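Derivation of every value follows stated rules applied to the coordinates shown; laboratory data play no part. The structure displayed is predicted, hence computed values, not measured ones. Note: ideal-geometry Cβ built from the backbone for every residue, glycine included; neighbour counts use all protein chains shown.
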Amino acid sequence: MTHPNPTEKDLHALGEEVRRKLVGEERFARSGAGSYADPMMKEFLKVATTSLFGNIWARPGLDLKMRTMIICISDIATGRFDELDIHLQMAIRQGWTREEITEAVLQLLGYVGAPSTREAMKIASEVLARHEAGNPNVD
């Protein structure tokens with residue numbers, strides 16, 4: 001973003017651009033459906049798009065590939081396994097391979113414990129299998 005003091009509208013537009021790159025055009029187009037059709041969830045998505053994706057994910061210094069793995073590691077370390085599925089889909093879209101994901105998750109074994117690492121490996125295996133079968137998205 002070239003503007004030194006972006007407006008909320010600028011950040012929202014930038015956030016939408018980042019979300020498109022992370023989730024893909026098809027999923028992005030469906031983002032107003034499902035749970036996000038609810039008025040409260042629409043507001044959540046609006047705020048998340050502006051503040052998280054427009055303001056944080058779009059910052060310089062790290063590429064989207066690195067940011068997706070950071071968020072996956074955060075999900076595992078904090079036990080946010082429902083979010084891990086979504087964030088692993090984003091990581092795969094940014095180029096993370098099966099081998100890299102496996103090693104990143106295994107790295108956590110001694111730091112977050114075997115139960116969390118095991119659950120993360122199961123989820124990663126399912127997400128990768130869906131991706132390899134051509135059906136990557138679960139909403």
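For the chain, with only Lys/Arg (+1) and Asp/Glu (-1) charged at the beta-carbon, what is the dipole magnitude about the Cα centre, in debye rounded to 20? Can you show the working numbers first?
Details: 17 positive and 20 negative charges, 32 e Å.
Dipole size: approximately 160 debye.
Taking each full run of DSSP H in the chain as one helix, which ones are at least 15 Å long along their axis (Cα atoms) and have mean Kyte-Doolittle hydropathy of at least -1.0?
8-23, 64-78, 81-93, 114-132
Restricting to DSSP H runs of at least four residues, report the calculated mean residue ellipticity at 222 nm for the chain, -39500 (n - 2.57) per run over all residues, nearest 500 deg cm²/dmol. Present the calculation step by step, with values, prior to reporting the outcome.
Numbers: 8 runs with 91 residues, N = 139.
After summing the helix terms and dividing by the residues of the chain, the value is -20000 deg cm²/dmol.
Mind checking Rg over Rh on the range 60-139, alpha carbons, Kirkwood formula for Rh?
Dividing the radius of gyration by the Kirkwood radius yields 0.94.
Along the charge dipole of the chain, which of Ser31, Gly54, Leu128 sits closest to the positive end, that is, farthest toward it, with unit charges on the beta carbon of Lys, Arg, Asp and Glu (+1, +1, -1, -1)?
Gly54
Cut-off is 10 Å between beta-carbons; in what order do Leu45, Leu84 appear when sorted fewest neighbours first?
Ascending number of Cβ neighbours within 10 Å: Leu45, Leu84.
Once the dipole of the chain is set up with Lys and Arg at +1 and Asp and Glu at -1 on Cβ about the Cα centre, which of Ile86, Leu109, Leu11 lies farthest towards its positive end?
Leu11
Rounded to the nearest whole Å³, what is the per residue volume of the convex hull around the Cα atoms of the chain?
Working: hull volume 16.1 nm³, N = 139.
So the per-residue hull volume is 116 Å³.
With springs only between Cα atoms under 10 Å, which of Leu52, Leu88, Leu22 fluctuates most in a Gaussian network model of the chain?
Among Leu52, Leu88, Leu22, the largest GNM mean-square fluctuation belongs to Leu52.
Between Arg98 and Phe44, with labels modelled 7 Å along Cα→Cβ, what's the label distance in nm to one decimal, could you check?
3.3
Dipole of the range 8-57, Cα-centred, from +1 at each Lys and Arg C-beta and -1 at each Asp and Glu C-beta, to the nearest 20 debye? Spell out each step's value before the answer.
Numbers: 8 positive and 8 negative charges, 22 e Å.
It comes to approximately 100 debye.
Rank these for me by crowding, Phe81, Phe53, going from fewest to most other beta carbons within 10 Å.
Lowest to highest Cβ neighbour count: Phe81, Phe53.
Quote the relative contact order of the range 64-132 in percent (integer), defining contacts as alpha-carbon pairs under 8 Å separated by 6+ residues.
Once divided by the residue count of the range 64-132, the mean separation gives 38 percent.
Pick out which of Gly110, Gly79, Gly32 has the largest mean-square fluctuation in a Gaussian network model of the chain, springs linking Cα atoms closer than 10 Å.
With Cα springs under 10 Å in the chain, the top fluctuation among Gly110, Gly79, Gly32 is at Gly110.
Which values, in whole Å and largest first, are the semi-axes of the equivalent ellipsoid of the range 20-102 obtained as the square root of 5 times each eigenvalue of the Cα gyration tensor?
Each semi-axis is the square root of five times an eigenvalue, giving 22, 15, 13 Å.
Taking the Cα centre as origin and putting +1 on Lys and Arg beta-carbons and -1 on Asp and Glu beta-carbons, what dipole magnitude results for the range 64-132, to the nearest 20 debye?
Roughly 120 debye for the range 64-132.
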